[in-house]
Amino acid sequence: MTVADAVIIGGGIQGCSAALHLARLGAKAVVLEMAHAGRHASGVNAGGVRTLGRHMAEVPLAVAALEAWHRIGDLVDDDCGFESVGQVMVAETDAELTRMRSRAEDLSHAGFLHEEPIDSADLRRLVPAVADHCVGGLVARRDGAANPFRATLAFKRKAESLGARVREGVRALGIERVPGGWEVDTDDGRIAAPAVINAAGAWADRFAAQMGDPVPLQAIAPMLMVTAPMPRFVEPVVIGGGRTLSFKQFRNGTVLVGGGHRGRADRASQRTVLDWRELSVNAESACALFPIMRTARVVRAWAGIEGRMPDDIPVIGPSGRQDGAFHAFGFSAHGFQLAPIVGAVIADLVTSGRSRLPIEPFRIGRFRAAAG
Amino acid sequence: MRDSMIDVAVIGGGPAGLAAAATCAEAGLTTYLIDEQASPGGQIYRAIADTPVADRAILGADYWRGEALVAAFQRSGAVHLASALAWDVTPDLEVAVSVGGGSRFLRARRVIIASGALERPMPVPGWTLPGVMTVGAGQILLKSSGAVPSGRVVLAGCGPLLYLLAAQYRRAGAEVALILDTTPAANFKRALRHLPEFLLAGSYLAKGAELLLSAQRSVEIVRGVDSIVAAGEGQLRSVRYNVRGQEREVSADLLLLHQGVVPNVNLSMAIGCAHDWDGEQLCWSPRLDAWSNATVGGVAIAGDGAGIGGAAAAAERGRIAALDAARHLGVLSEAQRDLRAAGPRAALRRAMRGRRFLDLLYAPAPSFRVPADNAVACRCEEVVARQIRDCVALGVPGPNQMKSFLRCGMGPCQGRLCGLTVTETIAAARGVAPGMVGHYRIRPPIKPITLGEIALLPKSEAAIKAVARG
C-alpha cells in the first residue's frame, strides 16, 4: 500500500495543477492517470487563454488565472507557448453590439475592467480581415492563447520536480472511505491518503458517485479543425458573438477553427468520432466572419473528450457529503485557462479548508435535486 | 448522391480495387469505385488506358497485364467516380467524397478500402534538395507523360523497383549513370531459408534475373553502400556515399531514391481500424480476418494497403474481399462464397510464394530507416532527426505527444512521408519495439480539402439551430 498526502484522480491540467500547488504547500500528492498526462481534453483543446465572455460566476477565477498566465514561467519554468495576443468577440449585428456594451457595463460595475467595447473602426484595426458586415465587438487585450499539451506537460513536470508523483498508465478503479481518509484502488495497487481529489474530466461522474456526490455529467467531444499555413491575416484570437466560433492563426500561419461543435465521444474506447454536418456549420461560420477562409485547406480535424455539466460551469470545491474529498471537473470545454487558479484553490481547500476566491456557484450540491 | 444508399463503395482504383469492384458488380451489387486518379489502374497500372508511351516494350509485359483488369472492371457495370478523393468514412459507412471541389456523403452498406502502397521514406541527408525524387515519382512521370530525365541520373536504395525503372528508362532511351545498392549483405543469409519457396515461384526468378542482367550490362552498380548524402546548394550537384569504409563522390543532376513500399494506411487508421507492427515488412498493417475484414464493422481492406503482396496478389485479395461483401449483403450464400473464392485463394497462394524471401532480402538497413541527426525526418515541418532524439530525452514517449513540441506529422501530408521514420527513430532512441511506440493518430480529412467545401456540406437541423448562441 502506497501512502500519500493526497490522491488526485486524473492527470489533466487541473489534476497536475492541483498536484503542483499542493507540492508548493508541502503536501505530496500522487496523480493517477489512465493514459498519459494531457491525453484528452487538456492536451488537444484550442489553448484559449480567455477571460472574454466568461460566465459571471467564472470571472473572478478567470481574471486571477490570467494574472498567473502572464507569469506562467515563474509557476512552471516554461512559457507554455503563451502569447498575449488578445481576444476579440465580433458583433455581426447592432443587437449583438448592444448586448456586448451592456455586458461590459455590468462587469465594470462589479469591478472588472478587462472587457472593452469596440466600434467598427476599432474592430478593423484589430482584425483587418473581418467581414464587411461586422459592426464592432468586445476586446480583452491581455487574453491570448497557449500550447495546451505543452502547458499540461509543464505543470506535470514542475509538480514532479517538487515531489508529486504522476503515475501514467495507472487507472483508478474505485474509492473507499477508511478511518482517517481514503483508499483508492488502482490496477497497480492501492493508495491511501487523507484527501482525495476528483479531477477525472469526462470520467469524473463515476468517482463523484463513489464519493457520495452523484452528478449529471455528459461526456462531450468538442471538435477542432486546422488548416495549412496561410499568409498572416489575424493577430488576436477571435470568437463569434452570435455564433459559436473560435478562431486563431498561429505564428506559422496555420489557422485553428473551433467553436464547441460536438462529435461523438466514446468513454470506453477513449475515442471520438467527428460529425461533419456539425463541422460544416463551424466552417460556414468561419467563412462568414473571414471570407479569406473559403480557400483555406483543412488538413486535419479532431475532437477531445470533455466533461460537461448541465449549466455549463464546472464543479469546484469540497464534496457535499464527505470530509477530505474534493472535486475539480466538468469544465464544459472552457477549463484550460482556469487551471493555474483551480489548482491553487484546491490546494487551499485541502490544506486549510478555505478558498482564496468565491467558488460557491461551483458547489457540487447544486445538482443534488436533479441527480437524486 | 447523399440520400441514396449503395451496396459497396470501393476506395482505390489499383488492381485490388478494380478486381473488388468488378467482382461486386458482377454479383449484382450496386458498386462505386472511388479513385483519386483520372483513369483506372492505380500506381502500378497508372494511366494504362491513356499513357502516351506507345511502345509496349518500354513499360514491359507486367504493366500491360493491367489491361485485362481494367477491361473486366469496365464491363462489370460498376460506377467509376474518377478524380475523386474519399477523405473520411464514418462509423455509419458514409464515405465523404470530394469531386471537382465539392464534397458529398455516399452511404454504403459495405466499404472495401484498396488504398495500395506508398514508397517507404528514405531520409538521407539532403533528400529534400531539388533534384532528389523517389523512384516511384520517376516512374509516375514516365507512365503518365512519357517523361524521361536528362542529365546524369543516379538511382539509390534497394528493391526490385530500382532495377525495373533502370530497365524502363533504358528502353525509353534515357541513361542511368550509376545504381547505388544499399541492400545489406547480411540480408541474403537471413532470406536464404525461404529461397526454396522463392525458386518455386519461377516467374519472380526469371523476371529478377532478367532485370539484373540487363542492368549490369549497361549501368555501373555499386553494392554494399552504407551511407548516402545528397549534396549541393539549393540544387543537387553530387551524391556522396560510403562503401566498405571508403568515401566516394559522384556528380549527379538527378538522384532517385527507393527502399521498397509499405501499406498506405492513412484512411484505415483515420477511421479507427486496428493496426499492428509487422516486424518483417517493417511497417503498420491493418488487423484483418480471413476475408480481409478490418476491426471496424462493414469495412474490408484489400491489396497492398493490407500488407505488401504485389499486384497479382492484390487483385486476388480484392476478389476475396468482394465475395465476402456479397455474402454479407445476401447475394451469395456462405457455400457459394467459399466455392467462388477457391480459385482466387489458390491464385493468391501462388502469387505470395517467394514473398518472404523478397521481404527479407530487400529489408532496408536500419541506418537508412532511422536517419542521421542532420537529416530531415518530417518534410512538412522541416524537423531533423536530432530534434526527435532531443524530444525523447525530454521524456516525450511517442509520435502523438511529440506533435506539440515539433509539429512533425501535423503538416498537410499527415505523416504519410514521415510516419514510419518518426516511429522508428523514437523506438530506436527509447530502445523499444516500434509497436510499443505507436503511430500518429491520423485524423480526417486524410488529404486537405478547403474550408469552403466543408461549409457547403449538408447540415443537420440540430447543427443549424445550435449556431445561435445562448
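The values are calculated or read from the model by the stated rules, or taken from the named source; none is laboratory data. Just so you know, these numbers come straight off a predicted model, no measurement behind them. Counting neighbours? That spans all protein chains shown, and the Cβs are built from the backbone with ideal geometry, glycine included.
Here is how the numbers come out for the structure above:
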| item | result |
| --- | --- |
| Selection from the range A:320-358 of residues that are within 17 Å of A:Trp203 (Cβ to Cβ) and either over 15 Å from the mean Cα position of the chain (by Cα) or of a type in the set (Phe, Trp, Tyr) (or both) | A:Ala325, A:Phe326, A:Phe329, A:Phe331 |
| Test for B:Met410: is it closer than 30 Å to B:Val97 by Cα, of a type in the set (A, V, I, L, M) and either in a helix (DSSP H, G or I) or within 14 Å of chain A (Cβ to nearest Cβ) (or both) | yes |
| Residue tally, condition facing another protein chain (nearest Cβ under 7 Å) and surrounded by fewer than 24 Cβ atoms within 10 Å (Cβ to Cβ), over the range A:286-299 | 5 |
| Residue that is modelled with the lowest pLDDT, among those in the range B:419-465 that are at the interface with chain A (Cβ under 7 Å from one of its Cβ atoms) and assigned to a loop (DSSP other than H, G, I, E, B) | B:Ser460 |
| Every residue from the range A:1-51 that is touching a helix residue (DSSP H, G or I) at 6+ places or on another chain (Cβ under 8 Å), of a type in the set (Val, Ile, Thr) and not in a helix (DSSP H, G or I) | A:Ile8, A:Ile9, A:Val31, A:Val49, A:Thr51 |
| Enumeration of residues in the range B:276-292 that are part of a strand (DSSP E or B) and either surrounded by 22 or more Cβ atoms within 10 Å (Cβ to Cβ) or of a type in the set (Phe, Trp, Tyr) (or both) | B:Trp277, B:Cys283, B:Trp284, B:Pro286 |
| Members of the range B:353-367 found to be surrounded by fewer than 19 Cβ atoms within 10 Å (Cβ to Cβ) and assigned to a loop (DSSP other than H, G, I, E, B), listed by number | B:Ala365 |
| Where B:Ile113 falls short, out of the listed (1) more than 14 Å from chain A (Cβ to nearest Cβ); (2) at pLDDT below 95; (3) touching a Ser or Thr at 6+ places or on another chain (Cβ under 9 Å) | (2) |
| B:Val331 vs. criteria touching a residue at least 24 places away in the same chain (Cβ under 8 Å) and in contact with a strand residue (DSSP E or B) (Cβ under 8 Å, 6 or more places away or on another chain) | no |
| Unique residue being surrounded by fewer than 20 Cβ atoms within 10 Å (Cβ to Cβ), out of contact with any Asp or Glu (no Cβ under 6 Å at 6 or more places or on another chain), within 11 Å of chain A (Cβ to nearest Cβ) and not aliphatic (A, V, I, L, M) when the list is B:Asn374, B:Asn400 | B:Asn400 |
| Residue match in the range B:243-251 (condition: surrounded by 15 or more Cβ atoms within 10 Å (Cβ to Cβ), more than 24 Å from B:Asp62 (Cα to Cα) and modelled with pLDDT of 90 or more) | yes |
| Output for the range B:293-316, where each listed residue is in contact (Cβ under 8 Å) with a residue 40 or more places away in the chain and either of a type in the set (Val, Ile, Thr) or assigned to a loop (DSSP other than H, G, I, E, B) (or both) | B:Ala294, B:Val296, B:Gly297, B:Gly298, B:Val299, B:Ile301, B:Ala302, B:Gly307, B:Ile308, B:Gly309, B:Gly310 |
| 3 or more residues more than 25 Å from B:Lys403 (Cα to Cα): qualifying helices (runs of 4 or more DSSP H) within the range A:52-153 | A:59-70, A:94-109, A:120-126 |
| Segments classed as helices (runs of 4 or more DSSP H), wholly inside the range B:136-227, with at least 2 members that are closer than 25 Å to B:Glu249 by Cβ | B:160-171, B:202-218 |
| Single condition B:Leu29 does not satisfy, out of (1) under 30 Å from A:Val299 (Cα atoms); (2) part of a loop (DSSP other than H, G, I, E, B) | (1) |
| Residue within the range A:144-160 that is modelled with pLDDT of 95 or more, farther than 24 Å from B:Val396 by Cβ and within 25 Å of the chain's Cα centre (by Cα) present | yes |
| Every pair of residues 6+ apart whose Cβ atoms lie under 6 Å, when the first sits in the range B:397-417 and is at negative phi while the second is among the hydroxyl-bearing types (Ser, Thr, Tyr) and part of a loop (DSSP other than H, G, I, E, B) | B:Pro399/B:Tyr440 |
| Hits in the range B:41-82 - residues which are of a type outside the set (A, V, I, L, M, F, W, C) and either farther than 21 Å from B:Ala147 by Cβ or part of a helix (DSSP H, G or I) (or both) | B:Arg56, B:Asp62, B:Tyr63, B:Arg65, B:Gly66, B:Glu67, B:Gln74, B:Arg75, B:Ser76, B:Gly77, B:His80 |
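Table: residues versus (1) in the same structural domain as A:Val345 (by TED's automatic domain parsing); (2) of a type in the set (S, T, N, Q); (3) surrounded by 24 or more Cβ atoms within 10 Å (Cβ to Cβ).
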residue	(1), (2), (3)
A:Val196	yes, no, yes
A:Gly201	yes, no, yes
A:Met225	no, no, yes
A:Met230	no, no, no
A:Ile239	no, no, yes
A:Asn252	no, yes, no
A:Gln270	no, yes, no
A:Leu279	no, no, yes
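Residue by residue, here is whether (1) over 18 Å from A:Asp312 (Cα atoms); (2) of a type in the set (Gly, Ala, Ser) holds:
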residue	(1), (2)
A:Arg177	yes, no
A:Gly189	yes, yes
A:Pro214	no, no
A:Ile220	no, no
A:Thr227	yes, no
A:Val238	yes, no
A:Gln249	yes, no
A:Arg267	yes, no
A:Val281	yes, no
